[in-house]
Amino acid sequence: MKKLILLPCLMAIPLLFITCRKETSGGKQDLNSVQSEMVAKAGDWLNARLSATSQQRNARIGQLKNSLDFSRLRVEELNKGERFMIIPVDKTFEVGYNQDKSPVTNLLLIVDKTGRVRKGEIVQYIADDPSAGRSVPAGTFHALFNSKPVTANGRFVFLSLFDRHLYEVGYKDGALNAFTVMQPKDKPGAASREGELCIDWYLITTIYYTDGTHETSEEYVGTTSYGSCQPGEKCDQLDGGTGGAPEVVSAQKDWTVAHNTYGLWFVVSNEQFNGVKVPGELGVGHFTGMTHLSSTIVATGSAYIWQQLGATTSFNATIATSIVSGKVSYQGMGDVYIPPAPYQWVFPTVFP
């Protein structure tokens, strides 16, 4: 039986919680100021999504605004000066996916280093264990987008504000174990109204295993008719269309290859990714390249020596994989051999 990838949790996850500063008499005022600033940013971003012509679009945004629980807002570090703003969404907000699975729903906003909200999505968390609680564990989004072990076992379903399925990622025992996108397939000769195109939709899920192999399955989820936007339908027009110029992107990611049980050392690998963000494309874009840059040991003393014995990378449009092996030596006391260890990324978590 194949076993899912297990990666140890080694590094502390940087979090920025909205908390009072007890060393100042104005701590409560500081808290209120920061929270008010975040609430204002979220409100401004949502207001900018309003339309002068679409009442349906505006009603959707209004419903979301009324469903946000700002009292539980929190902030986590993304990277390169950017932050996540995580705002719980209550059950009054209508989402067409997974309602029978009691998901934990949040509005996830990315705030860039200038303080501007540059992106926002609805994220459902469906825990493997239904008794896991009604919140996403602190630090989860930072870990998910920074190649760190994710402590929450379950699925994260990313949706547009207007209920378009973007992608899903599944995690088990700290590591990615599934990636899902919704794939359209034309339905030849079928039309529900004259001049419209009917499209069948399938969830395409790839399951990943510890040996670097994977398998794919598909599940039919329904048919959509396009041609005009009727009330209640999930039309592309509600999202403002899928246009926009492709953006060439690159990033580097670190991941932990292996670690000492007592915390005396751990081995970190560094990878370079290249890709293109394409609005409307499945998975939000695609990889164009991947390069293994280096691996190194972080240890409590200089007597620990790491020797990399092998490193390979591979990628397709949405998934990239690195496999590293080597050995750790310590002052002639024997070698610890690290067998080939795979780590896998999906495009939207490398380029959020």
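Since every read-out is calculated from the coordinates, none of them should be taken as a lab result. Just so it is clear, the model here is predicted, and its values are computed rather than measured. In this analysis, Cβ positions are derived from the backbone assuming ideal geometry, glycine residues included, and neighbour counts consider all displayed protein chains.
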* Asked: Could you put VAL350, VAL117 in order, starting from the residue whose Cβ has the fewest other Cβ atoms within 10 Å?
  -> VAL117, VAL350
* Structure fact -> Residues meeting the amide H criterion for ALA341 (H placed from the backbone, H to H distance under 5 Å, 5 or more places apart or on another chain) are VAL324, SER325
* Asked: When N is the residue count of the range 140-181, what does its C-alpha Rg come to as a fraction of 2.2 N^0.38 Å?
  -> 1.17
* Structure fact -> Scalar couplings 3J(HN,Hα) for the range 89-95 by Karplus 6.51 cos²θ - 1.76 cosθ + 1.60 (θ = phi - 60°), nearest whole Hz, x for Gly and Pro, are 10, 7, 6, 6, 7, 7, 10
* Local charge sum around GLU82 (other residues, Cβ-Cβ under 14 Å, Lys/Arg +1, Asp/Glu -1)? -> +4
* Rg/Rg_globular for the range 100-175, with Rg_globular taken as 2.2 N^0.38 Å and Rg from C-alpha atoms -> 1.12
* **Neighbour net charge for GLU271 - beta-carbon separation under 11 angstrom, K R +1, D E -1** => 0
* Structure fact -> Scoring the range 68-107 by relative contact order with C-alpha pairs under 8 Å, at least six apart, yields a percentage of 39 percent
* Using a Förster distance of 45 angstrom, determine the FRET efficiency expected from the C-beta separation of VAL336 and THR216, and round it to 0.05. => 0.80
* **Estimated distance in nm for a label pair at ILE305 and SER250, the labels positioned 7 Å out from Cα along Cα-to-Cβ** => 3.3 nm
* Structure fact -> Computed ³J(HN,Hα) along the range 97-113: with the Karplus parameters 6.51/-1.76/1.60, θ = phi - 60°, integer Hz and x for glycine or proline, the list is 10, 6, 5, 6, 10, 6, x, 8, 10, 9, 8, 10, 10, 9, 9, 6, 5
* What is the list of residues in the range 303-327 whose amide nitrogen lies under 19 Å from a point 7 angstrom out from the Cα of THR288, following Cα to Cβ? -> 314-321
* **Links that overshoot a 26 Å alpha carbon limit, given the list LYS91/LYS148; LYS41/LYS91; LYS91/LYS113; LYS65/LYS148; LYS101/LYS172; LYS101/LYS277** => LYS91/LYS148; LYS91/LYS113; LYS65/LYS148; LYS101/LYS277
* **Exposure proxy ranking, count of Cβ atoms within 10 Å, fewest first, for SER217, SER54** => SER217, SER54
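Taking Rh as the Kirkwood radius computed over C-alpha pairs, what is the Stokes-Einstein D of the range 247-339 at 20 °C in a medium of viscosity 1.002 mPa s, expressed in µm² per second?
Result for D is 145 µm²/s.
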* Asked: Relative contact order of the range 284-352: what whole-number percent is it, with Cα pairs under 8 angstrom and at least 6 residues apart?
  -> 31 percent
* To do: Find the relative contact order for the range 83-149 and round it to a whole percent, using C-alpha pairs within less than 8 Å whose residues are 6+ positions apart.
  => 29 percent
* Asked: Which peptide among 104-112, 130-138 comes first, and what is the full order, when sorted by highest mean count of other Cβ atoms within 10 Å?
  -> 104-112, 130-138
* Asked: Using the 10 angstrom Cβ neighbour count as an exposure proxy, how do LYS253, LYS65 rank, fewest first?
  -> LYS65, LYS253
